[in-house]
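Accompanying notes for the structure given below.
Every number here is computed from the coordinates shown, using simple stated rules; none is lab data. The shown structure was predicted, so the numbers you read here are calculated from the model rather than taken from an experiment. Cβ placement follows ideal geometry from the backbone for every residue including glycine, while neighbour counts extend to all protein chains displayed.
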Amino acid sequence: MSIETFSPLPLTTFGSWITLLDPSDVPAGLSPSLSDVDFFPGGVRTRPGLVSQLTGVGGGPQINGLKTYVTPGLAQRCLLLDSLGNLYQEISAGTVTPIVGAHVAPNLYMSSRTHFGREYMAFSDGAIGQDLPRQYDDANFDRVSQIGPAEGPTVADTSGTGNVPPGAHQCVVVFVTRQRYWTAPSPASTWSAAGSRAVSVTNIPTGPSNVVQRLLAFTAAGGANFYHVPATMVINDNTTTSVTVDFTDAILLSGVSMDYLFSQIELPEQAGVIDYAERLFWWGERARMGNWRNLSFDGGWDSAGNGRPLGWTLDVGLGPGAGKEASNTVWGDAYKITADGSTLVRGMVEQSAINGADGNPLCVPGVDYSIRARVARTTNLSQGTLRINAFSPTAGQIGTGLAITTSQATVNYQEFTA
């Protein structure tokens, strides 16, 4: 580019002036149009152009998120989110690779914060959250929070001698994830102890693949507060479904109080996250109802193997074809309906819309409600319609509900609203 006439000053000094001064403050006789000129001792040249620092990503998408994450070992990882919903990281300088299993809805923007040795991420359309908040610890791309067991276990006295005091006791189960997150407890199961017996706990819910422990908590005889004894009430796997537990009320009441966990929530979609004083603050939340049972299907499955997600009722005549899907999911587990080519209705599950798990009313008369569902199909499914309806035994179907045909669904998850 051309260089205008300037007063006789040393080039190094002149270059510093142009770099540090606003154009409105440049002395008379000097040009403010030298942003692309590089001055060095004894000479002047055109400033070099931009240089690509990273390899491109497949498909030519836009980059909608860019953030450096510092691992607990102080390694730096440049994270990139593309407009297709794929998350990448730079481990080797200049080369980005996809993070396995790290995928969110397309065309979203990422806001994230490094804290506690993890990267916490929110995904939005620029206004409100549109996908589940995630955390990345340099190995796992997990949800920030999730629901607990959607049903409690079966509890009863054992036949052998024990120390559980007589009276009414309650029991709950808590999921513990590999990120050490403790979920909200299951609904409570109750039994009346005869005394001088241990307690048999069966049908203990198992969670999605990121659950690494289950915790049991009990009330004392006639009590309403839940306590956990770490020495005897931890199940160190995600497979065991029955254990025998023994305790006295004195031992139980000296344990860990678990009542605070009942206020744990499944964090909805968020637009952003910040940290302050060892806390995370999330904002831009998308409206949702949190008191239904196991809408995400991450709250466990019936151990009988009939494909029933806990918290739901499998229709006696129309339920066949239901099942758990743990691979092709948005995250965690999904509900799968398998067609047989002849049966008109398959995989029908229901739950009450009168009261939630907390006993409070779910739906209020005169108020409009909507339903959101993420749906995908297999490549060989050629016909059929997925329906989600609200139904009253006296009033019949309420509203139009959600109906998704095979031509609308694709092999990739899409969100539908009605």
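Laid out as a table, the results:
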quantity	calculated
Hydrodynamic radius by Kirkwood, which averages 1/r over all alpha carbon pairs of the range 119-277, in angstrom	16.9 Å
Stokes-Einstein translational diffusion, the range 342-418 - Kirkwood Rh over all Cα pairs, 0.890 mPa s, 25 °C, in µm²/s	169 µm²/s
Net lengthening on full extension, Asp368/Thr190 (0.36 nm per residue, minus Cα-Cα)	60.5 nm
Efficiency of FRET from Cβ geometry, Leu253 and Glu285, R₀ 45 Å, rounded to 0.05	0.75
Efficiency of FRET from Cβ geometry, Ser159 and Asn412, R₀ 56 Å, rounded to 0.05	0.60
Crossing angle, helix 11-20 versus the chain [Cα axis fit, 0-90 degrees, rounded to tens]	40 degrees
Linear extension gain, Ser52 paired with Gln383, 0.36 nm per residue minus alpha-carbon span	114.4 nm
Neighbour net charge for Gly223 - beta-carbon separation under 14 angstrom, K R +1, D E -1	-2
Spatial separation of Cα centroids for the range 172-188 and the range 311-334, in angstrom	21 Å
Using alpha carbons only: equivalent-ellipsoid semi-axes of the range 82-155, gyration tensor based, whole Å	27, 17, 12
Theoretical FRET efficiency, 1/(1+(r/R0)^6), r = Cβ-Cβ of Leu318 and Thr95, R0 51 Å, to 0.05	0.50
For the range 206-274: span of alpha carbons on each principal axis (Å, largest first)	47, 27, 19
Alpha carbon centroid spacing (whole Å) that separates the range 56-112 from the range 231-309	29 Å
Spin-label pair Ser327/His115, simplified geometry with 7 Å Cα→Cβ offset, distance in nm	3.7 nm
Nitroxide proxy distance, nm - points 7 Å out along Cα→Cβ at Ser242 and Glu278	4.3 nm
The chain: C-alpha pair distances exceeding 35 Å, %	46 percent
Within the range 356-414, chymotrypsin sites (Phe, Trp or Tyr not before Pro) in DSSP loop having at most 16 other beta-carbon neighbours inside 10 Å	Tyr369
